[in-house]
Amino acid sequence: MSVDADREVIERYYRAMEAGSPDQMTTIFTEDAVYLEPFSRGGSATTHTGRPEIVGWLGASFETANRGVTITLDRIDVDGDEVVAEWTCVGPALPGPMKGHDRYTVRDGQIARLETRLGPAA
């Protein structure tokens, strides 16, 4: 895949997050994708494995904390199939702007692995 194609996958993911659309998410993640996120269980990392589990968790989050969010992509770096993105999210359920750092593995135009951390990249 090209740098532009990898970047487009990540941008589609953020647009789907803003739209609150689980349907859009099904085309973004591979069937065997893995997502590590810090939003459940008091900030400790939670792993979601497989597209159905990831899309289900994201869909539930659209009904609560992620409803009405706006995500600004602050920085994106692509190196082969590895993509690192820094973003800022604002939304009605958040106390203020939230900064985040995502590390992706992109395979065949879909996200195979996503690890989200809060705060800018180290």
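The values are calculated or read from the model by the stated rules, or taken from the named source; none is laboratory data. What you see is a predicted model; the values in this text were computed from it and never measured. When we count neighbours, we look across all protein chains shown, and the Cβ atoms used for this are built from the backbone with ideal geometry, even at glycine.
Miscellaneous remarks
- Residue list for region 89-113, restricted to those being more than 18 Å from residue 3 (Cβ to Cβ), in a strand (DSSP E or B) and not basic (Lys, Arg): 89, 90, 98, 100, 101
- Residue within region 50-61 that is of a type outside the set (Gly, Ala, Ser), in contact (Cβ under 8 Å) with a residue 12 or more places away in the chain and exposed (fewer than 14 other Cβ atoms within 10 Å of the Cβ) present: no
- Of all residues in region 83-122, those satisfying the criterion of being exposed (fewer than 14 other Cβ atoms within 10 Å of the Cβ), in contact with a Ser or Thr (Cβ under 8 Å, 6 or more places away or on another chain) and in contact (Cβ under 8 Å) with a residue 24 or more places away in the chain are 93, 108.
- Each residue in region 3-51 was checked for being hydrophobic (A, V, I, L, M, F, W, C), in contact with a strand residue (DSSP E or B) (Cβ under 9 Å, 6 or more places away or on another chain) and closer than 18 Å to residue 69 by Cα, and 3 pass.
- Assessment of region 64-80 against the conditions (surrounded by 13 or more Cβ atoms within 10 Å (Cβ to Cβ), of a type in the set (Gly, Ala, Ser), modelled with pLDDT of 85 or more and out of contact with any Pro (no Cβ under 9 Å at 6 or more places or on another chain)) yields no matching residue.
- The single condition among (1) over 17 Å from residue 12 (Cα atoms); (2) at pLDDT 90 or above that residue 90 does not satisfy is (2).
- Residue within region 31-43 that is in a helix (DSSP H, G or I) and surrounded by 15 or more Cβ atoms within 10 Å (Cβ to Cβ) present: no
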